[in-house]
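The values are calculated or read from the model by the stated rules, or taken from the named source; none is laboratory data. Since the model is a prediction, treat every value here as computed from it, not as a measurement. Here the Cβ is made from the backbone with ideal geometry for all residues, glycine too, and neighbour counts use every protein chain on show. What goes into the accessible areas is simple: the full protein's heavy atoms, side chains included, and nothing from ligands, DNA or RNA. Shrake-Rupley method; radii C 1.70, N 1.55, O 1.52, S 1.80 Å.
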Amino acid sequence: MTERRERAALAAVVFATLFAQVLLYPGIPDLVDALGASANMDASTWFLGAEFAAFVAFAGVWGAVSDRTGRRVPYITAGAVGGAICYAVLAATAGALSLPALVALRVLQGALTVGAFSLAITMLADLSSERGKNMGAAGLAIGLGTALGAPVGGQLTDMNPVLPLWAGALSLGLVGVLALFVTDRAPDRAASALDALRTLRRRPALAVPYTFGFVDRFTAGFFALVGTYYFRDAFGLDGAATGLTLALFFAPFALLQYPFGRLSDRIGRTLPIAGGSALYGVVVAAVGLVPALLYARVGMVAVGVLGALMAPATMALVADLTRGNERGVGMAGFNAAGSLGFLVGIVGGSYVADEYGYEEAFLAAGGAELLLAAVALPALLKLDR
């Protein structure tokens, strides 16, 4: 494969992972009910949160093993195909499993899927020195997966709540096979898996992009659960309309990442990250406070644009700060931080919405975004200098 085709193939793996994931979001109450659990926010929180807890726990493991063995492709294929099998098992056993069994299967699926996701992004970072461009391709894939997953998932849910699981299984299975045709460009082996993990301690500057990665994915997790329930309850939307509303965030988030990533190669990482973070939390809070659906949808578009400005520059900064034989762990740490943000967005947002209401949940989410960005911003500016 040429470099351009390899970039497209690896982006397809990233796309499929997010597409399969987001297919479930618009109809999550209906899906959880169809699988045999109670159709309430608590059960939905467990079902969504289990996957991201596994992402946090296993992203670093995949990265360390990859850096140690000097291979990436076999693990990408194993993670994608294994995740596809788990999606298919969930669909095939609908109504037959208890909530603890569903959660356990979701943990296994998350542990496998994160390997394909994280290492595909790492291979994009390995591809060439144009890291902003490569991370823009990763961001484009992430955004397209989420942008298309939301409306497609909503349409499939209205037909049958279990159909998104089958579609996710097919998507992951196909790209798992496609990955086998990509040249494995992993650099020389790290000294050991333990040495690879020490990367995170040797390079404390990685805490800066990790913090912004956490903030970025926190929003996605918040909208995936609380946003879904909010748009249904506050505006009476069905699964399809909810999916289209979520897509207003994910579409600009997808389409603008590649040009913004290339922009960061020219002007540096600091300005896109700092500029986006300055407004991000304010706009997130505003989505839950405006009185009409039209204004909320405009806010979703604004959140997507700001997220697209920050995301590729943040991923490229991780690649800038790591050497080739430690990049698997470095990128895995970034993905783990992002997954932790997604998990906190799901669990924290669900708790505040249940206890205090939707407006308070959106205010808390926006306030948390502003606080974390303010804490990390001085370190980002110091790193730039």
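Considering only Thr122, Thr69, Thr242, the mean-square fluctuation computed in a Gaussian network model of the chain, springs between alpha carbons under 10 angstrom, is largest for Thr69.
Short-range pairs are left out: with C-alpha atoms under 8 Å and at least six residues apart, the relative contact order of the chain is 28 percent. Per residue, the Cα convex hull of segment 252-385 amounts to 107 Å³.
The GNM of the chain, with springs linking C-alpha atoms under 10 angstrom apart, assigns the highest mean-square fluctuation among Ala286, Ala337, Ala138 to Ala286. Tally Lys/Arg at +1 and Asp/Glu at -1 over every other residue whose Cβ is under 14 Å from the Cβ of Ala234; what's the total? Overall, the nearby charge balance is -2. Only protein heavy atoms count here; on that basis, with a 1.4 Å probe, Thr270 has an accessible area of about 20 Å². The base-10 log of I(q)/I(0) for segment 1-96, evaluated at q = 0.11, 0.16 Å⁻¹, reads -0.43, -0.82 [Debye formula, identical scatterers on Cα atoms, solvent excluded]. The order of Arg106, Arg269, Arg4, Arg202 by accessible area, most exposed first and with a 1.4 Å probe, is Arg4, Arg202, Arg269, Arg106. Think of a 1.4 Å ball rolled over the protein heavy atoms: the chain then has 36 Å² of accessible area per residue.
Membrane-span-like helices in the chain, defined here as complete DSSP H runs extending at least 30 Å along the helix axis by their C-alpha atoms with mean Kyte-Doolittle hydropathy no lower than 0.0, are 41-69, 99-127, 131-159, 293-321, 327-355, 358-384; this is a sequence and geometry rule, not a statement about a membrane.
Once all protein chains are placed together, Asp238 keeps about 80 Å² accessible to a 1.4 angstrom probe.
A P(r) calculated from all alpha carbon pairs of the chain, with 20 Å bins opening at zero, reads 32, 60, 8 percent.
Taking a ≥ b ≥ c as the square roots of the Cα gyration tensor eigenvalues, segment 65-154 comes out oblate, since a/c reaches at least 1.5 and a/b does not exceed b/c.
For segment 253-302, a/c is not less than 1.5, where a ≥ b ≥ c are the root eigenvalues of the C-alpha gyration tensor, and a/b does not top b/c. That puts it in the oblate class.
Note on exposure: Lys382, Lys133 ranked by accessible area (1.4 Å probe, complete protein assembly) read Lys382, Lys133, with the most exposed listed first.
Taking all protein chains together, Arg201, Arg7, Arg68 sort by accessible area into Arg201, Arg68, Arg7, largest first [probe 1.4 Å].
For the chain, the fraction of 1.4 Å probe accessible surface lying on carbon and sulfur atoms is 66 percent.
Rounded to the nearest Å, what's the spacing between the alpha carbon centres of segment 63-131 and segment 13-54? Just the number, please. Measuring centre to centre over Cα atoms gives 16 Å.
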